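One structure is given here, and the rest of the page talks about it.
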Amino acid sequence: MVNTPNIFCLVKGASEGHTRLNAFDNALLNAGVGDTNLMRMSSILPPGAKQRVIGDINLPAGGLIPLAYASIDSTTPGRYISSAIAVGIPEDDAKPGVIMEFEDHSRLDNVESIVRQMVIDAFEYRKRKLKEIKSIGIEHKVENCASTFAAAVLWYE
Amino acid sequence: MVNTPNIFCLVKGASEGHTRLNAFDNALLNAGVGDTNLMRMSSILPPGAKQRVIGDINLPAGGLIPLAYASIDSTTPGRYISSAIAVGIPEDDAKPGVIMEFEDHSRLDNVESIVRQMVIDAFEYRKRKLKEIKSIGIEHKVENCASTFAAAVLWYE
Amino acid sequence: MVNTPNIFCLVKGASEGHTRLNAFDNALLNAGVGDTNLMRMSSILPPGAKQRVIGDINLPAGGLIPLAYASIDSTTPGRYISSAIAVGIPEDDAKPGVIMEFEDHSRLDNVESIVRQMVIDAFEYRKRKLKEIKSIGIEHKVENCASTFAAAVLWYE
């Protein structure tokens, strides 16, 4: 059994690349998590988890890192792509929060406002009081082949 | 290295939501696993794993929970969507079992009979004797935007 | 927190099956990893990880195994499908390597040459010196319903 993480970082990145997977890999490097092994999960903030800055924590190279993320790629020049992630922090810090992710062929303001509303809906459905939403996102205008990425990385301290 | 789980729970849920991801999140809550971090895996029942009821085990809030699942969403009002999961238990409880998942735009009886046959096929291909199949599933008639979810959650006791 | 793996195995498999998931399950068995719980990750080789042969390591039945993989299935008789994986080993073995995966409706020589180039691009983008690329792949001509699979499995010794 794996311990429950107790910190989170919000990160974002975007990049061109020669293939879709290279563009994604480059976006991960741009976000500061490119030399780790990301393990995607459905998307709950553990109770009391604290926010940290990615540059301040020590993710082991090649380590297995749980996270929730939004990502989209495109090979249509001139098109905008955007990814955003939002974390809802509950009033009662003994309760878990909710992480929502959204991505689209669209400008970021649209994508980020949707992902923030998704957090509000998730708290309403849980009948849980929401203290604050933290969100982050990134948009990119495609040149040839590009990817955007926004994530909530969970880790330990 | 993570220890191999030794218990499993079969769960199911369905819900409407304002977005596809909210509908999925609500279906997870409906299934009793909505405040955890689900980590999807390919789908083997560890040897000798015992079945438990989800309400009787203690999944940590925000904890990292391995599982196999079927899920489908739809935004077409009036359409049926179904998800089902089946676990094949071997005669020799020193051998692993097999978990199969299936989902479709269809009624549940069809989806569940397919997923049960998939388990039979998986045992035949392994030339392993099958003692019993346990399956669970759920169907939902879409109102606006809905998701169904059926899973075998693995955990520890 | 999960320890960072220190060995890797390259594996491949292909199979027909009655459903797409059964074909995938059979391909996993063919590759020697079919009775484990595979957890997909984005795809970095931990620093100094050593290559092993899958038959020489002991993966626990039903155990949770991290890996990066390529996979594709098809139900179009006569069509070729191919999956390939490539691992770039850095000159400096204190640095992480990169794992790339690619799959297509195509012959293997094409797919494997693309995935090897993806590793070269990933090292160039990192400005990291590449010592060697190890790759593996498999092609299959579809009879009815088939899957191909190529992976870098990470584990411990």
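Values as computed for the structure displayed
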{"read-out": "Hull shadow area, averaged, the protein assembly as shown [alpha-carbon convex hull, nm²]", "value": "20.9"}
{"read-out": "14 Å beta-carbon shell around B:M39, net charge (K/R +1, D/E -1)", "value": "+3"}
{"read-out": "Sites excluded, trypsin sites (Lys or Arg not before Pro) in DSSP loops with at most 11 other C-beta within 10 Å, longest stretch of chain C", "value": "C:1-126"}
{"read-out": "Calculated FRET value between A:Q51 and C:T75, using beta carbons and R₀ = 51 Å, to 0.05", "value": "0.65"}
{"read-out": "Local electrostatic count, B:H140, Cβ distance below 12 Å [Lys/Arg +1, Asp/Glu -1]", "value": "-1"}
{"read-out": "Whole-number percent relative contact order across chain B, with pairs defined as alpha carbons under 8 Å at least 6 apart", "value": "35"}
{"read-out": "For segment B:108-157 versus segment A:108-133, the gap between their alpha-carbon centres in whole angstrom", "value": "32"}
{"read-out": "Derived scalar couplings ³J(HN,Hα) [segment A:121-126; Karplus, 6.51 cos²θ - 1.76 cosθ + 1.60; whole Hz; x for Gly, Pro]", "value": "4, 5, 6, 4, 4, 7"}
{"read-out": "Inter-copy label distances at B:D92 (7 Å, Cα→Cβ; nm, one decimal)", "value": "5.0, 5.0"}
{"read-out": "Chain B - Rg (one decimal) and Dmax (whole number), Cα, Å", "value": "15.5, 47"}
{"read-out": "Other protein chain Cβ atoms within 10 Å, averaged over every residue that makes up B:2-15", "value": "2"}
{"read-out": "Peptide C:18-26, shielding by other chains (average Cβ, 10 Å cutoff)", "value": "6"}
{"read-out": "Per-residue ³J(HN,Hα) for segment A:37-50, Karplus 6.51 cos²θ - 1.76 cosθ + 1.60, θ = phi - 60°, Hz, x for Gly and Pro", "value": "9, 7, 10, 6, 9, 6, 9, 10, 8, x, x, x, 4, 9"}
{"read-out": "Lys pairs under 26 Å by Cα in chain C, provided they are eight or more residues apart or on distinct chains", "value": "13"}
{"read-out": "With eigenvalues of the C-alpha gyration tensor scaled by 5 and rooted, segment B:86-142, Å", "value": "25, 10, 7"}
{"read-out": "All Cα pairs of segment B:22-103, percent lying beyond 14 Å", "value": "71"}
{"read-out": "Options A:V53, A:I65, A:S43, ranked by Cα towards positive dipole end of segment A:39-95, top entry (Cβ charges)", "value": "A:I65"}
{"read-out": "Number of partner chain Cβ atoms within 10 Å, mean per residue of A:59-69", "value": "6"}
{"read-out": "Ranked by how many other beta carbons lie within 10 Å on average, peptides B:142-148, C:92-98 from highest", "value": "B:142-148, C:92-98"}
{"read-out": "³J(HN,Hα), Karplus 6.51/-1.76/1.60, whole Hz, each residue of segment C:71-85, x for Gly, Pro", "value": "7, 8, 10, 7, 10, 9, x, x, 7, 8, 10, 9, 10, 9, 10"}
{"read-out": "Point-charge dipole on Cβ atoms (K/R +1, D/E -1) for segment C:1-89, about Cα centre, debye to 20", "value": "220"}
{"read-out": "Size of electric dipole in segment A:31-157: Cβ of Lys, Arg +1 and of Asp, Glu -1, about Cα centre, debye, nearest 20", "value": "320"}
{"read-out": "For segment A:10-65, convex hull of alpha carbons as volume per residue, Å³", "value": "93"}
{"read-out": "Sum of -39500 (n - 2.57) over DSSP H runs of 4+, divided by residues of the protein assembly as shown (222 nm, nearest 500)", "value": "-6500 deg cm²/dmol"}
{"read-out": "Dipole magnitude of segment C:111-157 about its Cα centre (Cβ charges: Lys, Arg +1; Asp, Glu -1), debye to nearest 20", "value": "360"}
{"read-out": "For segment C:21-157, share of DSSP beta bridges that run antiparallel, in % to the nearest 5", "value": "90"}
{"read-out": "Cβ-defined net charge surrounding B:H105, 12 Å radius [Lys, Arg +1; Asp, Glu -1]", "value": "-1"}
{"read-out": "Accessible surface of chain A [probe 1.4 Å, protein heavy atoms]: carbon and sulfur percent", "value": "45"}
{"read-out": "Protein accessible surface hidden between A and C, which excludes ligands and nucleic acids, total in Å², probe 1.4 Å", "value": "2000"}
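The values are calculated or read from the model by the stated rules, or taken from the named source; none is laboratory data. Quantities reported herein were computed from a predicted structural model and do not represent experimental measurements. No Cβ is skipped: glycine too gets one built from the backbone with ideal geometry, and neighbour counts run over all protein chains shown. Protein only, heavy atoms only, side chains kept; ligands, DNA and RNA dropped before computing areas. Shrake-Rupley method; radii C 1.70, N 1.55, O 1.52, S 1.80 Å.
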